[in-house]
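The values are calculated or read from the model by the stated rules, or taken from the named source; none is laboratory data. Everything quoted here is computed from the prediction, not taken from an experiment. Ideal geometry is used to build each Cβ from the backbone, glycine not excepted, and the neighbour counts take in all protein chains shown. The accessibility values were calculated without ligands, DNA or RNA, using every heavy atom of the protein model including side chains. Shrake-Rupley method; radii C 1.70, N 1.55, O 1.52, S 1.80 Å.
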Amino acid sequence: MNFETIVGIEIHVEMKTKSKMFSLAPISFGLTPNTEVVPMDMAFPGTMPRVNKEAVRNAIRVSNALHMSIDQEIWFDRKNYFYSDLPKGYQITQQARPIGSEGYLVINIDGKEKKIGIERLHMEEDTCMQHHFSDYTLLDYNRAGIPLIEIVSKPEIRSGEEARKYVEKIREIVTFSNVSDGKMEEGSLRCDVNVSIRPYGSDKFGTKVEIKNLNSIANVEKAIDFEAKRQSELLLLGKEVEQETRRFDEAKKETVLMRKKTDAVDYKYFTEPNIPPIRLSDEFVKDAIDTCPELYDQKLERFLNVYGLNEVDAKIILTSVDMADYYDEAAKFTKLYQPLANFIISDVNGYLNKNTISIKEFNVEPKFISELVELLQSKKINSSQGKQIFEKLVKENKSPLIIQKEVGAVLINDESEIHKLVLEVLEANPTLRDDFKAGKTRAQGFVMGQIMKKRGGKVNPGIANKIILEELKK
Amino acid sequence: MKEVNKEVLKDAANRLLFDMKDEEYDTLLNEFGAIQHQLNLIGNIKGVDEVSPMTFPFDVTITYLREDEPETPLSQKDVLKNAHDVKDGQIKLPKVVG
Amino acid sequence: MNYLDLTIKEIHEALLEGKTNPVELTKEALKRAKENEDNAFEMIIEEDALKKAEELSKLPVPKDNYLFGIPYIAKDNFSTKGYETTASSNILNGYVPLFDATVIKLLNEAGAILIAKSTLDELAMGGTGTSGHKGITYNPWDKSHTRLVGGSSCGSAAAVSDAIVPFALGSDTGDSVRKPASYAGLVGFKPTWGLVSRFGLFPFAPSLDHVAYFTRSVFDSALATELLSKHDDNDSTSSYKERPNYLDLNSSVEGKKIAVINGIYKTIQDKKVIEDFDKNIEFLKKNGAKVDFIDVDTDLLKAIYPSYIVISCAEATSNDANLDGIKFGPNYGGKTYSEVMFNARTKGFSALIKRRFVIGSYALMRENQEEVFLRAQRARHLIVNTFNKIFETYDAVYCPAAPNIAPLINKSSENINEDFMIADNWLAIGNFGGYPSITLPIGLENDMPFGANLMCKPFDEVNLFNIALKIEEGTGLKNLNYPAYAKKEGK
């Protein structure tokens, strides 16, 4: 029997606002524990929530990118439960009226587009961070209250691959809109996955298994594929799939049981009485959307149409929003868009990879890269001089024009000097003109090689070529 | 509605993370008898289920949202001042599992 | 002359005339607080109060800053930076807040001097003044200590009534200031929901909670409102409405329409209460008010108490879920984190509080929520709709505040019939609708005071104070307090 895999995904995205969701504590993801805390984050009695405008703007932007309807009246609810990481004994969330509802995103599977429905998007607050040791746990409240958006998909994902592409797309949206770092490894994007299977053709859902603690997008795919296989093996053996929570064991590449699900927790939701309903004006919503940083698809279109880049290169640059921003900034200083892309993809990326740093940690101003590309393209320097300048540039972050002077990376551009050199070579090799006329074009290359040799490669090849041709034709 | 008996009440109390003496559950069970009567008084109101549940005393809808500007946080010392068990600048608990 | 027996306005005038000074007032207030035998205090703040009084005594007395140099008391559920605040619950023993409630800040900035934190029913969840961790707070009018002063703001009521201070902060979720005001012969005022910031008030049920206060005259309530009714960004429910001048009052009831609710009035069994209330009504009529006795669906009135219990207990289970011994409050250890929380909560809450939490939690359970919690919220809505309608025609609703004088301590739970329940709980309407509501004394019975309560539509405080001033004029019971009364009656 063949089974269809049914997957629903809940994604929590940690926003990178300057202050928390409901408190004014700063967020800098600093390392010293309990230094980004105000009384509300500790649930000291009498503290009250104050909704962060930027968090609402972020939620609107992501909702819009996911084609969701936006509720212009903001309501919050309390989700009541006890846990060691939950300071207030409740989390302020949006249960009854999520800001975003009924949307979708499009993924590409085997060249075909597939729409994945999204049920809801809501704002809530993060819990405090627990650091576990052998026989105790330490609590750091820096994370308590950081704004989150939760995005809940419909159960319309059918494979590990689709799930991976879905999560990639969400990450792309939240990073390009500058809402979040979207780093799964660091927990700023967290995925809980529900997997069930059913015989093809059936319209009933099977028993759901929840998989938690997935720390990379690759693992989302692996975990789902493993889990679907595990469940189908159980069913084929005549056993039942049990409702449970599992985690993905990276070493074993399989899901392992965390706990059996007993009856669902009753969160006793009710409207948060300390936050009045907040009416969002049409202008506010429109402005949030209009000022949303450019998303991937728009950027790709611009890179293809405005910069005229080829699609492969454009997509490489768009692998990260930071790289795209870097390119955009550099492109303000040159019109040589494709050579600029080539240089960034090969030389800059090569440097980053070699030093295992990100473009954000790359300390060369984008305009210097553009200057260097201009120097190379105008053939004022050759490629080896280019490399020499780049090496110095990454260390000193100063204008390639200055570096060029400092290292004396100057080509001979003087036509009469080059002419003299060419004539020297032709005099020493009298057969060359005849060879050339007889169709032996390599004579041209030979002359170039010789004059370069005489001047250590520092002759402007463009000018030299022109003169060589003229002389050979004589 | 959920049936009320001592077990249900004890379970409810335990889910709220406390326990009571056995006789307190008896007292509570008696109180629930009176509460049931009180709840009927609410149910007696004509048209009670035709209006919406009220959280706020009157229309308090606002248009204000606070700017995303942080304030000075508490010092770590102050954060931990009222906590019972502290280690390495953090609050210490027995190991939390699962 | 003892100036603490006077109203704030009178003390302010004495300060302006140099007849007294903040140090003298504070010393006397501290002396009276220490001598008090009604169990009104969690903590007396002697050293800091005197220090502040000394500083203030060096300054000129600013005219019209009425609270300058006035000793005051705050209920121990207001966050006070540096002073232990327990809400009279063992679960908060030793908790020292890091910040001041907004009202505390405003009072301190105005030059009022905090001399003590007062007792309350544990976590403000009670109406008797008997359930705090320090035990029963007694009614100052009954020196044999047989009568309640009422709660939950019991200590604040006792202190103002005993002329220790002329002003005390309380909180009012059902009637926690306005009912004890009736039992203690005080003016107890609860402003419109959102008018005075709740930031720093330990929450009981935020949708019903109000900062409220005791004074001994209507004008003193108005002047406190003038100071405290500021918009506060720290409280998202704080109103943005522009505040009028609350001291621009004319005490006129000419042409005012006042409604007495039959369904409340007729449930009052105490003849003396009705007699004095009727007298007052006649006085108001004589002064140009139109008073109508109107009917309200009795089923609605009967539903006040159950709706209040359901909503307040439900919200409370959530508000007090932060009390777990981890971040603050006593921690008794445990083998697991949940044992730590379980021990703290089992040992920290009294049985009464736990029972209320279970009731609240039951109301919110998935299978009960529609029939219990949401239905109570719907009943609240209907009750508020009904009173909003009344306020379309009438300037105010006026009824006796409580069915009788302060009950005897050992008899407080007797007498429970449905009529009594209405008379005993109707003040919660003020919390349901967020209405401004003021209790003031209208008479005495066997040397025990009792009061009546006036309510207006939201943000109609000026109207409320004007009518209340006239009521006060009619009763002649302005600045009622026990020491002055005892002296006069030769006790």
- Is there a residue in the range C:472-483 that is more than 14 Å from every other protein chain (Cβ to nearest Cβ), at pLDDT 95 or above and closer than 27 Å to C:V310 by Cβ? no
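For (1) within 7 Å of another protein chain (Cβ to nearest Cβ); (2) touching a residue at least 24 places away in the same chain (Cβ under 8 Å); (3) more than 30 Å from A:F44 (Cβ to Cβ); (4) basic (K, R), each residue gets a yes or a no:
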site	(1), (2), (3), (4)
C:S238	no, yes, no, no
C:L247	no, yes, yes, no
C:D270	no, yes, yes, no
C:V273	no, yes, yes, no
C:N280	no, yes, yes, no
C:K285	no, no, yes, yes
C:D292	no, yes, yes, no
C:D295	no, yes, yes, no
- Query: If we keep just the residues of the range A:277-329 that are among the β-branched types (V, I, T) and within 30 Å of C:T237 (Cα to Cα), which is surrounded by the most Cβ atoms within 10 Å (Cβ to Cβ)?
  - Reply: A:I278
- Message: All but one of (1) within 30 Å of C:R345 (Cβ to Cβ); (2) surrounded by fewer than 19 Cβ atoms within 10 Å (Cβ to Cβ) hold for C:P60; state the number of the condition that does not hold.
- Response: (1)
- Message: Can you pull out every residue in the range C:301-318 that is surrounded by 24 or more Cβ atoms within 10 Å (Cβ to Cβ) and either away from chain A (no Cβ under 14 Å) or under 20 Å from the mean Cα position of the chain (by Cα) (or both)?
- Response: C:L301, C:A303, C:I304, C:P306, C:S307, C:Y308, C:I311, C:S312, C:C313, C:E315, C:A316
- Message: I'm trying to understand the selection: among the residues of the range C:285-300, which are surrounded by fewer than 21 Cβ atoms within 10 Å (Cβ to Cβ) and in a helix (DSSP H, G or I)?
- Response: C:K285, C:K286, C:T298, C:D299
- From B:D85, B:D26, B:D19, B:D78, which residue is acidic (D, E), more than 7 Å from every other protein chain (Cβ to nearest Cβ) and farther than 21 Å from C:V310 by Cβ? B:D26
- Quick one: which residue in A:S69, A:S84, A:S28 is assigned by TED's automatic domain parsing to the domain that holds A:G182, modelled with pLDDT under 95 and of a type in the set (S, T, Y)? A:S28
- Among residues of the range C:96-124 being charged (D, E, K, R) and part of a loop (DSSP other than H, G, I, E, B), the residue least open to solvent (accessible area, probe 1.4 Å) is C:D121
- Restricting attention to the range C:15-31, the residues that are without any contact (Cβ under 8 Å) to a residue 12 or more places away in the chain and under 16 Å from C:I164 (Cα atoms) number exactly 1
- Assess whether C:K81 counts as being modelled with pLDDT of 95 or more and among the basic types (K, R). yes
- Message: Checking the condition closer than 20 Å to C:I164 by Cβ and open to solvent by less than 10 Å² (accessible area, probe 1.4 Å), which residue from C:K75, C:K134, C:K51 passes?
- Response: C:K75
- Query: If we keep just the residues of the range A:44-73 that are facing chain B (nearest Cβ under 7 Å) and open to solvent by less than 20 Å² (accessible area, probe 1.4 Å), which is nearest to the chain's Cα centre (by Cα)?
  - Reply: A:V56
- Tell me, which helices (runs of 4 or more DSSP H) lie completely within the range B:2-98 with 1 or more residues that are farther than 30 Å from C:N385 by Cα, in contact with a helix residue (DSSP H, G or I) (Cβ under 8 Å, 6 or more places away or on another chain) and open to solvent by 50 Å² or more (accessible area, probe 1.4 Å)? B:6-15, B:22-43
- Filter the range C:335-368 for residues that are open to solvent by 10 Å² or more (accessible area, probe 1.4 Å) and in contact with a strand residue (DSSP E or B) (Cβ under 7 Å, 6 or more places away or on another chain); which is nearest to C:P306 (Cα to Cα)? C:Y337
- Can you name every residue in the range A:86-102 that is open to solvent by 10 Å² or more (accessible area, probe 1.4 Å) and touching a Leu at 6+ places or on another chain (Cβ under 7 Å)? A:P98
- Scan the range A:125-136 residue by residue and report those that are touching a Lys or Arg at 6+ places or on another chain (Cβ under 8 Å) and surrounded by fewer than 21 Cβ atoms within 10 Å (Cβ to Cβ). A:T127, A:M129, A:H132, A:F133, A:S134, A:D135, A:Y136
- Query: Which condition number does A:D41 fail, the rest of (1) open to solvent by less than 20 Å² (accessible area, probe 1.4 Å); (2) within 11 Å of chain B (Cβ to nearest Cβ); (3) part of a loop (DSSP other than H, G, I, E, B) being met?
  - Reply: (3)
- Where in the range A:330-387 are the helices (runs of 4 or more DSSP H), entirely inside, with at least 3 residues that are more than 19 Å from the chain's Cα centre (by Cα) and either at positive phi or surrounded by fewer than 18 Cβ atoms within 10 Å (Cβ to Cβ) (or both)? A:337-343
- Identity of the residue in the range A:21-31, more than 7 Å from chain B (Cβ to nearest Cβ) and not small (G, A, S), that ends up most open to solvent (accessible area, probe 1.4 Å): A:L31
- Message: For the range A:6-20: of the residues being among the charged types (D, E, K, R) and surrounded by 24 or more Cβ atoms within 10 Å (Cβ to Cβ), which is farthest from the other protein chains (Cβ to nearest Cβ)?
- Response: A:E14
- Message: All but one of (1) closer than 20 Å to C:D48 by Cα; (2) out of contact with any helix residue (DSSP H, G or I) (no Cβ under 6 Å at 6 or more places or on another chain) hold for C:K134; state the number of the condition that does not hold.
- Response: (1)
- Of all helices (runs of 4 or more DSSP H) fully inside the range C:172-279, the set with 3 or more residues that are of a type in the set (G, A, S) and more than 29 Å from C:A484 (Cα to Cα) is none
- Task: Report yes if C:D278 is farther than 30 Å from B:I42 by Cα and open to solvent by 10 Å² or more (accessible area, probe 1.4 Å), otherwise no.
- Result: yes
- Task: Filter the range A:214-249 down to the residues that are more than 18 Å from A:I157 (Cβ to Cβ) and touching a residue at least 40 places away in the same chain (Cβ under 8 Å), then identify the one that is surrounded by the fewest Cβ atoms within 10 Å (Cβ to Cβ).
- Result: A:L236
- Selection over the range A:156-182 where residues are part of a loop (DSSP other than H, G, I, E, B) and either surrounded by 24 or more Cβ atoms within 10 Å (Cβ to Cβ) or in contact with an Asp or Glu (Cβ under 9 Å, 6 or more places away or on another chain) (or both) yields a count of 8
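Table: residues versus (1) crowded, with 17+ Cβ neighbours inside 10 Å; (2) within 14 Å of chain A (Cβ to nearest Cβ).
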site: C:N36; (1), (2): yes, no
site: C:E46; (1), (2): no, no
site: C:Y66; (1), (2): yes, no
site: C:T80; (1), (2): yes, yes
site: C:G94; (1), (2): no, yes
